[in-house]
Amino acid sequence: MVNEFLTYLSVEKRYSKHTTVSYKNDLSNLSQYLLTTYELSNPEQANYPMLRSWIVTLVDQEMMPKSINRKIACLRSFYHFLQKKEVISKDPTLKIRALKVKKSLPVFVNEDDMIGLLDELLEKVKFEDSFAGLRDKLVIELLYGTGIRLSELIGFKTSDLNFFQKTIKVLGKGNKERLIPIHDTFITLAKEYIQKKKSESFSNNNEFFVVTNNGEQVYPMFIYRLVRTYLDQVTTVDKRSPHVLRHTFATHLLNKGADLNAIKDLLGHTSLAATQVYTHNSIDKLKSIFDQAHPKS
């Protein structure tokens, strides 16, 4: 039933390939644990004490609570699926509770540092006049200017650009499409990049917008290295990843007075609760302004 469950996730629930693979690995690890500990070869026959024992083992191994909670989500989804298919009569995960996770504020880059980086990248592009330099600036502009996820950037196609409407079409989580506005600076840069890309005469000429120096579709580590290389030049924040630019996009919008619901839609969040985390960073800025400006502070 595991294979049928995974097919259900990818076809009916439209989960991403990354999530499906993660669930497959989780169930494989569970099966190995049940076999070793209880001599149970079929995870469909597991009961609540067995599943709880596995979770306790993960805690004892000092696995991060966030990672354990993802595995718990996998269990709930799997056994709910089995109950729905009438393979089991009772869901053994009903009494399982998620672990408490310490909430951390999103890391973001200071606005002046971000603007300075973009200006430096523009000068570099003008000076070098290379495809790689233009592509690098485009990646930073796209991540910071739209707030899209890493997976959305990698899957982004040239046909998803609409210069007339000044929007891009993004395929987000759950294969949900959303439109994001783009500014004139990015449009000018994108047009220049497309022409430069054509002049490179790549042999494959694939449909993906952002490509490597060889014209291949970019991959996660390629973008991670690119972003880290440039963020290292302007910030000392602990995390310097593509997702930090997504956080930076949302935080800067909020600091400029953007409506929280609008930011939610731009980010592709299904719940406003996921977007509200950025209000904490905005509150810190308000406190700073208050301390500097209020006569009683």
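Looking only at the range 195-225, residues that are part of a helix (DSSP H, G or I) and not small (Gly, Ala, Ser) come to 10 in all.
Based on this model, can you work out whether ILE140 counts as modelled with pLDDT of 90 or more, over 30 Å from MET63 (Cα atoms) and assigned to a helix (DSSP H, G or I)? Working first, answer last.
Details: modelled with pLDDT of 90 or more: yes; over 30 Å from MET63 (Cα atoms): yes; assigned to a helix (DSSP H, G or I): yes.
Yes.
All of (1) within 25 Å of the chain's Cα centre (by Cα); (2) outside any helix (DSSP H, G or I); (3) in the same structural domain as THR7 (by TED's automatic domain parsing) hold for ARG76 with one exception: (2). Inclusion of THR158 among residues that are touching a strand residue (DSSP E or B) at 6+ places or on another chain (Cβ under 8 Å), surrounded by fewer than 18 Cβ atoms within 10 Å (Cβ to Cβ), within 17 Å of LEU267 (Cβ to Cβ) and among the hydroxyl-bearing types (Ser, Thr, Tyr) is not warranted. Selection of the range 30-43 for residues being of a type outside the set (Phe, Trp, Tyr) and surrounded by 14 or more Cβ atoms within 10 Å (Cβ to Cβ) yields LEU30, SER31, LEU34, LEU40, PRO43.
Among the residues of the range 66-79, is there at least one that is surrounded by 15 or more Cβ atoms within 10 Å (Cβ to Cβ), within 28 Å of ILE194 (Cα to Cα) and free of Cβ contacts under 8 Å to residues at least 24 places away in the same chain? Checked the range 66-79: no residue is surrounded by 15 or more Cβ atoms within 10 Å (Cβ to Cβ), within 28 Å of ILE194 (Cα to Cα) and free of Cβ contacts under 8 Å to residues at least 24 places away in the same chain.
How many residues does the range 199-213 hold that are of a type outside the set (Phe, Trp, Tyr) and modelled with pLDDT of 90 or more? Reasoning before the result, please.
Looking only at the range 199-213, we keep the residues that are of a type outside the set (Phe, Trp, Tyr), and these are 199-201, 203-207, 210-213.
With the extra rule that they be modelled with pLDDT of 90 or more, the set shrinks to 210-213.
Number of matching residues: 4.
Just so you know, in the range 115-155 the residues that are hydroxyl-bearing (Ser, Thr, Tyr) and crowded, with 21+ Cβ neighbours inside 10 Å include one that is nearest to ASP265 (Cα to Cα), and it is THR146. One residue stands out among those in the range 178-217 that are in contact with a Gly (Cβ under 8 Å, 6 or more places away or on another chain) and more than 14 Å from LEU138 (Cα to Cα): the one that is surrounded by the fewest Cβ atoms within 10 Å (Cβ to Cβ), which is SER203. Scanning the range 43-66 turns up no residue that is of a type in the set (Lys, Arg), in contact with an Asp or Glu (Cβ under 8 Å, 6 or more places away or on another chain) and within 19 Å of TYR23 (Cβ to Cβ).
I need the full set of residues from the range 5-21 which are in a helix (DSSP H, G or I), in contact (Cβ under 8 Å) with a residue 40 or more places away in the chain and surrounded by fewer than 15 Cβ atoms within 10 Å (Cβ to Cβ), in order please. Please lay out each step first, then the result.
First, pick out the residues of the range 5-21 that are in a helix (DSSP H, G or I): 5-11, 17-21.
Those left that are additionally in contact (Cβ under 8 Å) with a residue 40 or more places away in the chain: 5, 8-9, 18.
HIS18 - this is the single residue of the range 5-21 that is in a helix (DSSP H, G or I), in contact (Cβ under 8 Å) with a residue 40 or more places away in the chain and surrounded by fewer than 15 Cβ atoms within 10 Å (Cβ to Cβ).
Matching residues to (1) out of contact with any Asp or Glu (no Cβ under 7 Å at 6 or more places or on another chain); (2) assigned to a helix (DSSP H, G or I); (3) not assigned by TED's automatic domain parsing to the domain that holds VAL210:
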| residue | (1), (2), (3) |
| --- | --- |
| LEU94 | yes, no, yes |
| ASP119 | yes, yes, no |
| GLU123 | yes, yes, no |
| LEU134 | no, yes, no |
| LEU179 | yes, no, no |
| TYR193 | yes, yes, no |
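Taking the range 162-177 as the range and being surrounded by 12 or more Cβ atoms within 10 Å (Cβ to Cβ), part of a strand (DSSP E or B) and touching a Lys or Arg at 6+ places or on another chain (Cβ under 8 Å) as the test, the residues that pass are ASN162, LYS169, VAL170. Of all the criteria given as (1) outside any helix (DSSP H, G or I); (2) at pLDDT 85 or above; (3) of a type in the set (Val, Ile, Thr), the one not satisfied by VAL109 is (2).
The values are calculated or read from the model by the stated rules, or taken from the named source; none is laboratory data. This structure is a prediction, so every number in the text was calculated from the model and none was measured. Neighbour counts run over all protein chains shown; Cβ positions are idealised from the backbone, glycine included.
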